[in-house]
Amino acid sequence: MGVNLRGRNLLAIKDFTQDEILYLIRLSEQFKNLKLSGSPHDYLRGKNIVLLFEKTSTRTRCSFEVAGMDLGMGVTYLDPGSSQMGKKESIADTAKVLGRFYDGIEYRGFKQDLVEELAENAGVPVWNGLTDKWHPTQMIADMLTIKENFGRLKGLKFVYMGDCRNNMGNSLAVTCAKLGIDFVGCGPKSLWPEEDVRELAQEFAKENSSSVEFSEDVSYATKDADVIYTDIWVSMGEPEEVWQERIKLLHPYQVNKKVMANAKDSAIFMHCLPSFHDLKTSIGKEINDKFGKDYDLNGMEVSEEVFSSSQSKVFDEAENRMHTIKAIMYATLK
Ligand code: CP
Ligand code: NVA
């Protein structure tokens with residue numbers, strides 16, 4: 001039977017089957033071809049979407065905006081300061097109102113519970129544009145990027161380095177397990193995912209003949225990897241005070257030349273971005289001023305050398321956010 005995602009929410013990848021995820025990746029390839037060949041694809045003309053952002057964004061916001069416009073839709077962007085949501089109006093009431101105006105709602109915010117409450121009350125598809133727990137739209141772009149580089153997904157070895165229990169670590173463990181990719185999370189034990197996420201990932205790995213493991217040993221974890229992935233050490237919504245502790249815990253898990261040399265020669269480097277790979281950001285500079293005397297923070301989670309190497313696919317990955325978000329909206333709204 002064919003895959004039909006019409007009317008579905010995208011709140012977490014765990015809710016989607018392997019067939020549904022692979023369908024979204026194939027649809028993204030088709031939309032990418034249409035975009036690159038300059039062929040119009042305004043298949044959702046007459047529909048409207050709203051983008052609610054309670055945290056900042058470059059890629060996710062712009063992907064939803066450009067994808068929405070390419071599909072012919074009207075797009076409204078609401079930043080944290082410009083709606084009543086959460087302050088004078090509950091999430092449930094906001095959802096009920098927006099669901100009457102719009103055909104789909106994107107939400108980026110703090111707790112996963114909030115996007116779930118929005119979805120329960122909206123009556124139209126809700127897409128999770130990142131919460132503390134999951135980042136599902138990023139997953140389709142990441143898997144498309146891996147497929148473009150290796151021609152397949154199943155059987156590859158994927159290593160996630162650093163803060164394994166943030167939205168990215170959680171999402172990648174589950175997504176890899178679902179798609180038959182062997183996942184290794186490499187970081188300090190105190191930053192491994194919560195029990196429920198680890199159990200889910202193990203269950204999916206069992207169903208799809210893949211493996212999920214966590215290790216504190218960089219050399220063991222990264223040996224012969226096909227993909228090395230990392231994310232920033234302190235995520236949006238976390239207090240500034242955690243930087244010092246995080247740097248101490250995570251600096252041994254930086255992705256650098258030595259790590260890449262331990263992976264396969266054909267290995268690629270990926271990162272959802274934004275990244276602290278040099279000192280050209282205000283936060284990067286500020287953190288370096290505070291802690292740079294004890295640690296080399298010129299590159300934090302990844303060295304500049306790896307970030308700008310030919311193995312790095314980070315900008316292809318960022319571009320793929322737009323093609324994949326287009327596929328997600330089309331599949332759920334068509
Ligand atoms: N990767 C990602 O979600 O980037 P933004 O925070 O810029 O949306
Ligand atoms: N873990 C990061 C991802 C950013 C796309 C954060 O939540 O800030």
Study note, to complete from the structure: Residues other than Lys258 with Cβ under 15 Å of its Cβ, Lys/Arg counted +1 and Asp/Glu -1, net out at -4
Practice item. Please list the equivalent ellipsoid semi-axes of segment 1-41, computed as the square roots of five times the alpha-carbon gyration tensor eigenvalues, in descending order and whole angstrom. Key: 23, 11, 10
Review point. Residues of segment 231-248 with amide nitrogen under 20 Å from the 7 Å Cα-to-Cβ point of Lys293?
Key: 241-248
Practice item. Evaluate the distance, in nm, between pseudo-label points positioned 7 Å from the Cα of Asp113 and of Glu148 along their respective Cα→Cβ axes. Key: 3.9 nm
Exercise for review: Take Val126, Val302, Val3 and order them by how many other Cβ atoms sit within 10 Å, fewest up front.
Suggested key: Val3, Val126, Val302
Point to revise | Debye equation applied to the C-alpha atoms of segment 1-87, log10 I(q)/I(0) at 0.10 Å⁻¹ | key: -0.34
Check your understanding: Which order do Glu89, Glu194, Glu65, Glu317 fall in if you start with the one that has the fewest other Cβ atoms within 10 Å?
Key -> Glu194, Glu89, Glu65, Glu317
Revision key, fill the gap. For Lys223, counting only aspartates and glutamates whose alpha-carbon sits under 18 Å away and dropping same-chain residues fewer than eight positions off, the answer is Asp182, Glu213, Asp265
Review point. By what distance, in whole Å, do the Cα atoms of segment 99-155 stretch along each of the three principal axes, largest value first?
Key: 43, 24, 15
Point to revise | Whole-percent pair-distance distribution, where bins are 5 Å wide, for the alpha carbons of segment 18-158 | key: 2, 9, 17, 20, 20, 14, 10, 6, 2, 0
Revision key, fill the gap. In whole µm²/s, the translational diffusion coefficient that Stokes-Einstein assigns to the chain, given a Kirkwood hydrodynamic radius over C-alpha pairs, 25 °C and 0.890 mPa s, equals 121 µm²/s
Check your understanding: Zone of Glu89 (label point 7 Å along Cα→Cβ, backbone N under 16 Å): which residues in segment 43-67?
Key -> 49-54
Practice item. Kindly provide the Kirkwood hydrodynamic radius of segment 182-286 in Å, to one decimal, from all pairs of distinct alpha carbon atoms. Key: 15.4 Å
Review point. Based solely on its DSSP helices, what 222 nm [θ] is calculated for the chain when runs of n ≥ 4 H residues each add -39,500 (n - 2.57) and the sum is averaged over all residues, nearest 500 deg cm²/dmol?
Key: -13500 deg cm²/dmol
Check your understanding: For segment 154-242, which semi-axes, largest first and in whole Å, follow from the square roots of 5 times the eigenvalues of its Cα gyration tensor?
Key -> 21, 15, 11
**Study point:** Spin-label model distance (nm) - Cys62 vs Ser310, 7 Å beyond Cα toward Cβ
**Key:** 2.6 nm
Practice item. Mind checking which lysines have their Cα closer than 17 Å to the Cα of Lys55? Skip sequence neighbours fewer than 8 apart in that chain. Key: Lys87, Lys111, Lys133
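Laboratory data are not the source of any read-out in this text; all were calculated from the coordinates shown. From a predicted model like this one, the values you see are computed outputs, not experimental measurements. No Cβ is skipped: glycine too gets one built from the backbone with ideal geometry, and neighbour counts run over all protein chains shown.
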